[in-house]
1. Suppose a student asked you for the relative contact order of the chain, using Cα pairs under 8 Å spaced at least 6 residues apart; what percent would you report?
2. Within segment 6-294, how many Lys pairs sit with Cα atoms under 30 Å apart, leaving out pairs fewer than 8 places apart on the same chain?
3. What is the set of long-range amide H partners of MET45 at a cut-off below 5 Å, with H atoms built 1.01 Å from backbone N?
4. Report ³J(HN,Hα) in whole Hz for each residue of segment 146-162, in order, from the Karplus equation J = 6.51 cos²θ - 1.76 cosθ + 1.60 where θ = phi - 60°; Gly and Pro get x.
5. For MET36, list long-range residues whose amide hydrogen, built 1.01 Å from N in the peptide plane, is under 5 Å from its own amide hydrogen.
6. Compute the Cα gyration tensor for segment 334-373, then decide on rounded, prolate or oblate, letting a ≥ b ≥ c be the square roots of its eigenvalues: rounded whenever a/c is under 1.5, prolate when a/b is larger than b/c in the other cases, and oblate in all that remain.
7. Can you bin every Cα-Cα distance in segment 307-393 into 5 Å intervals starting at zero and give me the percent of pairs per bin, rounded to whole numbers?
8. For segment 482-616, what Kirkwood radius comes out of the mean inverse Cα-Cα distance, in Å?
Amino acid sequence: MAEQDPTEAQAPAPQPVPDPAQAPEEKSKALPPVAMDRYLIHPGMPIPELSTPSAKAYHAEDKRNTERKIFALICPPFLGPRTGVMDVLKGANIRGFMPLVEWGKLHWPLVNQRTIAVIYERPVGGRLLDQLGKINQHEMVRKIIEPITHGLQEISTRGVSHRQIRPSNLYFVDGAHERLVLGDCTTVPAGYDQPTLFETIERGCAPPAGRGPGDVSDDMYALGVTILFALVGGNPVPHLRTDDDILYAKMQDGSYATLIGSEPVPVNMLEALRGLLSDDEHERWGLEQLDLWINGRRMTPIQKKSAPKAKRSIEYAGRDHFNTRTLSLAVSRMPSQVDRLVKDNLLETWLKRDMENSDMSAAASNAIHMAQNQSGDKDIMAARISIVLDPTLPIRYKDCWCMPDGFGTAMAHSIMQKGNANTPVELITRSLPRAWFDSQDTYNPVYVALEKNFDQLLDFVQERKIGYGVERCLYETNPTLACQSPLLIEEYVLTIKELMPALERVSAKVDKKSRPIDRHMVAFIAARLNQNIDPHLKAVGDDREEIATLGMLSLLALVQWRTKSGNLLGFTSWVGAHMGPAIKAFHSKSIRDELEKEVPKLIRKGNLADLFNLLDNAEQRAQDQMEFDEACEEFKEAEEEIKDIDGGSGALEKNSNRLGQQAAAMTSIVIALLIITVTFIGKLW
């Protein structure tokens, strides 16, 4: 049997990203140790045998106990670690679990930014992977199954699933290889490092970033595969070289039949493997059933049969498909050929006649019509058809594939590593989550909550203003993702309490002309503050510059107050440099002059609330507006009076001319009468 580690060889290759450990060896050797509280972590002393696919291990020291054997895992800064799980496991003495000593943030020189380090007690017996084939089958229960079951029971009662169970992540804490423990499950999203072979069919169809946290049922499946590895001494299916080979085989024959095959598995282990490797999560053994089996109670689990088989196959993407599961996967892999299924009702006819499933045929017809009404493009057609063919598989649209509870990490991966926000947004706006939920045939309260979350995300993406949009979706669905603002990317701000101290540090080296907020920062605040701040967001997104400025100030002042961040001299100075529009909004020059004198004084106090109260003084603004309105009214009256005066002068001149003409006429008449009278009298004389 091949000794190659399938947990490394078959893991889907992630997109190229900065790796905390992939730095020149000469550089790392020259770097001094990095302090994290009482611990020192040595960048120049990597430990490959304790590293995971995504988090690299380094030698660590406890300054209070230099004899203590510990090591550190450095979380990749581009993923959201499971910090909530870190809090649960920190200091917990769980049998069957590698003790988590401490975790915290530090500046890691190999990536030149802040990230998280997780410190564990160092196991000295190596990995289970290195002992495959060396453990007696009669000791399998005592050495492997019992301790791992106990560890899973302990974390399950704490509401935690492991999601990273595989031979390369199980360690012997002692040199005698007697005590086996579960390895790390906190440094990356759940299931991110897990090879497809160790995942259920449903979650295995999703890429690492879209698998979702899952639950203990997924851990039981991975434990079943791990036990089989230990029994046969390595990978039981080395001939299945690709992820699709594994998935198609499981879909056609079932996981148990595919993985067991013709391997010589001890009869006493077959019962447990049937239960753990069941493809029906409702029939798969849980911790209680496995514990009963360990204690001697024998059960006969009902093994789910393979998917219903068609009378005749349907060809798609170079494969002949006899069931809807493999066809569903193929349609998603090759949406460019979906037209041939739609043409002449080929798919509906095959489902009705060869699969003898009239209900699915009708559902497929409805999905096709809905896709045609949406736009009719091949991607949406393939997405809707694939959901109908197998609604248990992930939501699949273009290159964004995810289980509903894994959408957040899938979106983060698409945005941060591919630079593509359009595809996950289209997945939401094209109502594919709703189509997936509507296709489920069993009630699940978890799905009800998830569906409401997607409805909220739809509201966010339809609102384009700052504080909403794709950035808001990113932080709402990734509660442990660091703020991705370009201003803060090196600070690795995980929580709202860390925001203001980080901005204070940034203010010492930033160009004060740059704005102190951006879309990422506002969305991060909205998602993390745990308070309705819609009025603040409305103000920040106002088209009027003076309102947006005051909105920015009020939002930041609220965060400073709520997080009790203390005085922030540098950041307040930075924000104060952008208060020009708020000051200019006052009409009175004397008020503006007074504010320009007072603002620097308040800046030196470092309290944004004081600055906001000065600039948004309601009484002063009302007085300023009233005086401005009065001035406007006085100006209007004066203007009208001037117009009246101008109009009166014209009338007077016109009247004068008329009176002058009348006087001249009367004078002429009088003179004429006098002349006539004199002439008449002269004739009489």
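What follows is calculated from the coordinates using simple rules that are stated; it is not laboratory data. Values in this document were obtained by computation on a predicted structure and should not be read as measured data. Neighbour counts are summed over all protein chains in view; Cβ atoms, including those assigned to glycine, are modelled from backbone coordinates with ideal geometry.
1. The value is 9 percent.
2. Count of close lysine pairs: 25.
3. Close amide H contacts, sequence-distant or interchain: HIS59.
4. 4, x, 5, 4, 5, x, 5, 4, 5, 6, 5, 5, 9, x, 10, 9, 7
5. Sorted by chain and number, the residues that satisfy this are ILE41.
6. oblate
7. It works out to 3, 17, 29, 30, 16, 4, 1, in whole percents.
8. Result for segment 482-616 stands at 15.0 Å.
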